[in-house]
1. Taking the condition closer than 16 Å to Gly104 by Cβ and either in contact with a Leu (Cβ under 8 Å, 6 or more places away or on another chain) or among the polar types (S, T, N, Q) (or both), does Gly41 pass?
2. Those residues that are more than 8 Å from the ligand (Cβ to nearest atom) and not in a loop (DSSP other than H, G, I, E, B), I need them from the range 38-79; list them, please.
Amino acid sequence: MKSKAIAIAAAALLSTGLAGTAAALDGEALYTQKLCNTCHGADGNTPIMPIYPKLGGQNAAYASAQTKDIRDGKRTNGLSAAMKPMVATLTDEEIDAISKYLEGL
Ligand code: HEC
């Protein structure tokens with residue numbers, strides 16, 4: 001009986017621990033903290049320049065790959081240079097979290 005209770009407590013601890021990791025990065029908060037909104041708009045779809053892309057609803061895997069390519073200097077086309085310094089310090093995890101948020105808009 002006692003060992004079963006311990007096992008349940010351990011399982012509960014483990015699952016909250018895992019949930020905690022998954023929720024650690026808040027894409028919505030990061031979108032503003034990392035200033036993406038200043039160019040792409042508060043809702044991801046009202047860019048400050050007509051030529052800047054709309055991001056809301058974009059496939060997360062695609063948006064992540066493009067953001068990392070711009071950060072890493074692999075994508076240099078168009079106006080990528082305007083964005084590059086703004087994403088220079090972002091981690092892969094932060095980019096993934098923001099992209100996931102944008103996909104849901
Ligand atoms: C200084 C303005 C600026 C900021 C800040 C900025 N971007 Fe961009 N972003 C751009 C521009 C301009 C482009 C288009 C580049 C081009 O012409 O190829 C772009 C392109 C993108 C693309 C590719 C879209 C596509 O359809 O290929 C993604 C994804 C993106 N930005 C995400 C982000 C995220 C996430 C952030 C915040 C971490 C961010 N951007 C911050 C200006 C900015």
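Bear in mind these aren't lab numbers, they're just calculated from the coordinates by the rules spelled out. What you see is a predicted model; the values in this text were computed from it and never measured. Heads up, the Cβs are rebuilt from the backbone with ideal geometry, glycines too, and the neighbour counts pull from every protein chain shown.
1. For Gly41, the condition - closer than 16 Å to Gly104 by Cβ and either in contact with a Leu (Cβ under 8 Å, 6 or more places away or on another chain) or among the polar types (S, T, N, Q) (or both) - is not met.
2. Ala60, Ala61, Ala65, Lys68, Asp69, Arg71
Rundown of residues vs (1) surrounded by fewer than 15 Cβ atoms within 10 Å (Cβ to Cβ); (2) under 13 Å from Ser99 (Cα atoms); (3) under 15 Å from the mean Cα position of the chain (by Cα), yes/no style:
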| site | (1), (2), (3) |
| --- | --- |
| Gln33 | yes, no, yes |
| Cys36 | no, yes, yes |
| Ile48 | yes, no, no |
| Pro53 | no, no, no |
| Tyr62 | yes, yes, yes |
| Asp69 | yes, no, yes |
| Gly73 | yes, no, no |
| Asn77 | yes, no, no |
